[in-house]
Amino acid sequence: MLDQKIPDTIIKVRDSAAKKGVKALFRMHREKSHLIRIGNNSVSLNTSEDLTRLDVEVIDGRREGSCTLLGDLEGPGIIENALQVAVTKAAVATPKVYEPIERVIENEIEEENQFDQAIEELDSGLKVDTYSAIMKSVGEDYNYSGSWSSGSTEIFLSGTANDKFAWRIGTDQQFNSVLKHPEEKWELADFQSGWQVGDVTAEATVEKYLDLIEVFKKPGIRVEPGRYTVLFGAQALAEILQMLIWTGLHGRHHEEKIGWMSEKKAGDTILSDKITIIDDPANLHTFSFGFDLNGLSRHTFPFIEEGVLKNLFYDLDTAGKYGKKPTPHSGSLSAVMRAGEGLTNPFEAARNMGRVLYIPALHYINIPNMSKGLFTGSSRFSAILLEDGEAAGPIFSTRITDTFQNVFSNVEILSRANLSANVSNTYGRRMPEAFAVPSYMISNEVKITDSAESFQ
Amino acid sequence: MKKERLIKEINSGIERIMAEGADFCDARYYTEDSSETLTLYDGNLESNETTFESGLGVRVLYKGAWGFAASSREVAPAVTFKNAFSNAKTASRLVTVPLKMDLNPPVRGKYFSPVVEDPLNIPLEAKLAFLEDLDKKLQGTHIEHRIIEINLQRMHNFYWNSEGSFIERKLINCFAGSTVMALDSDGKMQMRSKVLHTPGHGTRGWEMVTKPELWSGRAEGIKEELARLLEAPELDFGKRSVILLPGQGMLQVHETIGHPLELDRILGYELSYAGGSFVRLESIGQLRYGSEKLNVSAYGSIANSPGSFGFDDEGTPERDYLLIDKGILVNCLTSRAMISEVNQVAGRQVFDQSGGASRSTAFYRAPIDRMTNVSILPGNDGNLDRIISATEDGLVLDNPKSWSIGSNREHFHFSCEIAWEVKDGRITRVLKNPTYQGHTLEFYANLNAVGDSSTWVVEQVPNCGKGEPNQLMEIGHGVPVLRFENVITGERV
Ligand SMILES: [Zn+2]
């Protein structure tokens with residue numbers, strides 16, 4: 001945990017800035033990150049990083065400037081210098097045509113309800129043992145890869161708008177494991193997420209692998225382009241949901257008619273009535289942040305309820321430009337897609353449904369046309385063709401290119417079980433993000449546009 | 001901490017780790033890794049940001065396994081060495097093929113990017129005045145949104161390793177792009193953009209950003225093309241030729257030649273994130289990757305490019321070598337430990353030296369195999385007009401809107417900003433929402449025209465993502481105009 005020196009200095013610099021009439025927000029971010037990477041049944045990298053960053057954002061009338069430091073913040077005058085850089089940049093900035101919205105810390109808050117000291121200090125030997133146990137239990141003839149990121153993130157916010165501060169420390173971990181058949185080239189994967197020791201286990205992965213390996217002994221199947229019933233697994237669903245939210249529910253995309261929901265307004269039916277998507281920071285399948293990175297307090301926030309559009313999210317610039325209220329969504333989103341009534345076992349749910357493509361994860365999703373809501377991505381791990389709920393065999397690399405509207409309107413069954421799907425990335429600074437999603441979703445008439453003749 | 005004391009601590013850290021039994025150790029200290037991002041969105045300066053990073057990263061190889069540690073705290077070099085060594089020791093508990101660095105002679109040298117005007121030393125007022133002026137040029141009655149973004153980077157770092165190497169580098173990058181957008185006749189948003197490219201030679205400071213022929217001079221052009229897109233019909237599904245302008249050819253070479261030829265991907269070290277490669281070790285020297293017209297170089301002596309950096313992040317001088325020679329795969333993008341593993345496993349010398357492609361995005365990330373300047377060499381099929389005149393039924397495509405690639409880079413789906421229809425050797429009309437897809441080897445086998453050097457430019461990529469923890473890397477691609485036949489274009493109904 002951070003010693004008090006940096007927050008104390010920030011508060012001193014803040015107070016002297018406030019006296020001079022400077023409008024500034026200070027955001028300190030400290031991470032202690034660890035990641036172990038597995039490749040070819042070996043540890044290919046074991047890395048740890050201890051990094052402290054400071055962002056200073058300054059508003060000067062209609063002008064804004066900002067500075068980010070990643071370095072030794074404890075040196076003399078460093079924080080003051082960062083403020084000066086931002087002040088100087090703001091002074092000569094091009095003025096905006098609208099009034100910038102000042103970042104105000106709404107409520108004083110101190111949070112550590114998702115912090116496990118043992119994760120911050122996790123011995124990387126435990127990770128090595130976990131991957132070793134998976135290999136030993138499933139069979140050492142396969143090729144194993146994976147990565148397991150864990151660490152702590154500490155955020156401290158303070159601004160000149162008031163005397164309040166917001167502080168959070170939390171831990172998180174993101175685990176994945178890939179099993180590849182050395183000759184056949186098919187791949188299985190497992191994903192786990194959590195914030196405390198014990199959330200990730202070898203047993204959970206082993207169980208999934210052993211179930212799937214039998215299916216993958218059958219010959220691979222090429223799926224011709226056409227429309228299919230698709231059973232999306234939790235990881236695929238979370239990744240599509242992340243894109244759906246970004247392209248459809250971002251206030252900027254809506255106001256500027258860039259997104260696929262831009263012709264819709266609150267109250268319009270846009271998706272199947274089975275679909276409810278909310279931001280719920282209290283949901284423990286997600287990483288729970290009580291405030292966003294601009295100091296706004298977070299609360300339950302409905303985006304879509306039973307297929308009806310309720311709210312969009314607005315960043316500070318979009319809100320300022322279009323006269324809206326900013327919403328507390330800078331940073332980690334706690335998206336929750338409400339579970340349905342389907343049987344817990346996806347294969348049983350697909351009984352009597354004929355041909356169903358089971359696609360647990362998608363590789364490289366992108367948006368060929370945001371205005372139309374068109375996304376594309378290909379199957380990769382653990383994908384199977386089901387015939388009336390029975391596994392007919394693994395499917396070769398298969399591409400889906402379809403619209404969010406189609407996939408989320410033609411929903412046949414949503415699982416009754418909710419899972420946590422970790423959607424964090426490790427670019428730049430540590431910022432854990434996980435969604436709570438049904439363990440599967442079955443949609444009809446999903447468009448398959450291409451397939452390969454192998455798993456390659 | 002004083003620089004002299006820090007250097008002493010780094011040298012003694014390397015000595016200590018080696019004395020304690022490490023196979024190899026290197027350290028990178030960044031005194032400065034700065035960048036400035038300015039974004040004008042509809043004339044509003046939405047980003048006016050300066051970042052400044054500094055710190056130390058240490059990598060240790062112990063019994064065939066890598067440990068890495070980094071810290072932004074200047075007081076802690078000894079702790080960072082200790083953590084890296086401890087991480088390597090733990091990693092060494094699970095090793096099947098021990099990684100090796102095969103002893104190299106020490107490398108000593110300096111590399112400074114060729115620059116006249118350091119972009120971070122130009123007064124902010126002058127940079128904003130230039131952007132505001134460009135923003136005025138992008139305005140028009142049919143334009144609904146305008147976005148201009150520049151990202152200017154300056155990095156100064158020092159490299160040491162246990163072989164006695166010592167390298168100093170100062171790298172400068174200038175990235176810039178401008179986009180105009182408007183609603184088409186169906187009420188859907190269309191866009192047209194221009195990204196700053198380099199001529200491959202000359203200097204790469206602020207003076208490059210302000211050269212009209214490299215970026216800002218295209219303002220009128222992209223506005224006119226957007227106007228035509230607004231009234232254009234949609235591209236329908238079907239097979240035809242595609243002619244890729246460098247703005248799109250850059251993505252094609254990046255995703256379907258560059259990434260599959262990264263040796264760590266080929267060996268399976270990226271499977272848990274970016275994916276693998278359809279290329280196998282046996283493919284090197286054997287695989288017909290494309291038609292005889294396909295010649296691809298890893299560096300290409302490009303003086304002015306973000307993929308030119310003097311020495312890679314494990315001290316290997318950058319090299320100029322062919323990856324694909326007349327359609328045959330002959331080499332890959334390599335680093336020292338990866339080539340050593342291949343040679344060990346193959347029991348013969350598949351690679352004689354590192355390709356100098358081990359690169360890291362920041363002091364706090366360990367280097368991985370990366371693209372440098374993966375470039376398609378110019379051909380002899382003339383300029384763009386000549387290639388169009390020799391095309392019966394095709395599309396000219398420019399600038400990516402989306403890219404989605406199979407996990408082993410075996411197939412791809414790309415969408416572009418604009419298509420010009422070509423019928424019987426002439427451009428007939430503009431078509432909107434173009435997409436095309438293909439299977440990599442089949443696609444390159446159908447490469448049937450490569451433009452001459454008049455069509456060749458170096459496109460800049462600021463954000464190639466790879467690795468865990470994730471890293472973004474700056475890359476250059478020299479690309480001429482390219483034509484492929486028999487390509488699936490448009491979307492199935
Ligand atoms: Zn890339």
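Derivation of every value follows stated rules applied to the coordinates shown; laboratory data play no part. As the structure is a prediction and not an experimental result, all values here were calculated from the model. No Cβ is skipped: glycine too gets one built from the backbone with ideal geometry, and neighbour counts run over all protein chains shown.
Things worth noting here:
- Angle between chain A longest axis and helix A:234-248 axis [Cα atoms, degrees, rounded to 10]: 50
- Global form of the protein assembly as shown, assessed from the alpha-carbon gyration tensor, a/c cut-off 1.5: rounded
- Computed from the C-beta positions of B:SER389 and B:TYR111, the FRET efficiency with R₀ = 45 Å rounds to 0.55.
- The slack in the chain from B:ARG93 to B:GLU125, taken as 0.36 nm per residue of separation less the alpha-carbon distance, amounts to 5.9 nm.
- Taking other residues whose beta carbon is less than 12 angstrom from the beta carbon of A:ALA204, and scoring Lys, Arg as +1 and Asp, Glu as -1, yields -4.
- Positive minus negative residues near B:PRO233 (Lys, Arg vs Asp, Glu; Cβ under 12 Å): -3
- Using a Förster distance of 22 Å, the FRET efficiency for B:VAL345-B:TYR321 (Cβ separation, nearest 0.05): 0.50
- Rough spin-label spacing in nm, given labels placed 7 Å along Cα→Cβ, for B:GLU20 and A:TRP246: 4.1
- Taking the convex hull of the alpha carbon positions in chain A and averaging its projected area over all directions gives 21.8 nm².
- Between B:HIS142 and A:TYR98, the FRET efficiency from the beta-carbon distance, with R0 = 30 Å, is close to 0.80.
- Taking 20 Å as the cut-off, the amide N atoms of the stretch A:315-351 that come nearer than this to a point 7 Å along the Cα-to-beta-carbon line of A:ALA392 belong to A:346-351.
- Length released on extending from A:GLU263 to A:THR344, taking residue separation times 0.36 nm less the Cα-Cα span: 25.5 nm
- The angle between the Cα long axis of helix A:124-138 and the main principal axis of chain A comes to about 10°, on a 0 to 90 degree scale.
- Its alpha carbons give the stretch A:5-216 an Rg and a Dmax of 23.2, 70 Å.
- Cα gyration tensor, the stretch A:145-287 - rounded (a/c under 1.5), prolate or oblate: oblate
- Pairs beyond 23 Å (Cα-Cα), from A:LYS321/B:LYS188; A:LYS127/A:LYS208; B:LYS239/B:LYS432; B:LYS8/B:LYS100; A:LYS164/A:LYS325: B:LYS8/B:LYS100
- Across peptide B:80-90, the average count of Cβ atoms from other chains found within 10 Å of a residue's Cβ is 4.
- Straight-distance candidates among the aspartates and glutamates for linking to A:LYS136, with alpha-carbon spacing under 17 Å and chain neighbours fewer than 8 residues away dropped: A:ASP190, A:GLU203, A:GLU207, A:ASP211.
- Estimated 222 nm signal from helices in the protein assembly as shown, with DSSP H stretches of n ≥ 4 weighted -39500 (n - 2.57), rounded to 500: -6000 deg cm²/dmol
- DSSP-defined antiparallel bridges as percent of all bridges, the protein assembly as shown, nearest 5: 85
- Each of B:THR256, B:THR428, B:THR316, B:THR361 has some number of other Cβ atoms within 10 Å of its Cβ, and from fewest to most they run B:THR428, B:THR316, B:THR361, B:THR256.
- Other-chain or far-sequence residues with amide H under 5 Å of B:LYS401's (modelled H): B:SER415, B:CYS416, B:GLU417
- Simple spin-label estimate for A:GLU80 and B:LEU281 in nanometres, 7 Å along Cα-Cβ: 6.0
- Put a dot 7 Å past the Cα of A:GLU203, heading toward its Cβ, do the same for B:GLU231, and the two dots end up 7.0 nm apart.
- Across peptide B:409-421, the mean count of Cβ atoms from other chains lying within 10 Å of each residue's own Cβ comes to 3.
- All Cα pairs of the stretch A:226-451, percent lying beyond 33 Å: 15
- Sorted peptide list for B:415-425, B:475-485, criterion being average Cβ within 10 angstrom, highest first: B:475-485, B:415-425
- Taking the stretch B:309-331 and a reference point 7 angstrom along Cα→Cβ of B:ARG288, the backbone N atoms nearer than 12 Å belong to B:327-329.
- Applying 0.36 nm per residue to the separation of A:SER137 and A:LEU284 and subtracting their alpha-carbon distance, the gain on full extension is 49.9 nm.
- When the square roots of the Cα gyration tensor eigenvalues are ordered a ≥ b ≥ c, the ratio a/c for chain B is 1.5 or more and a/b does not exceed b/c, which makes its shape oblate.
- From phi via Karplus (6.51, -1.76, 1.60), per-residue ³J(HN,Hα) for the stretch B:254-269 in Hz, x at Gly/Pro: 4, 7, 10, 10, x, 4, x, 9, 6, 5, 5, 5, 4, 6, x, 7
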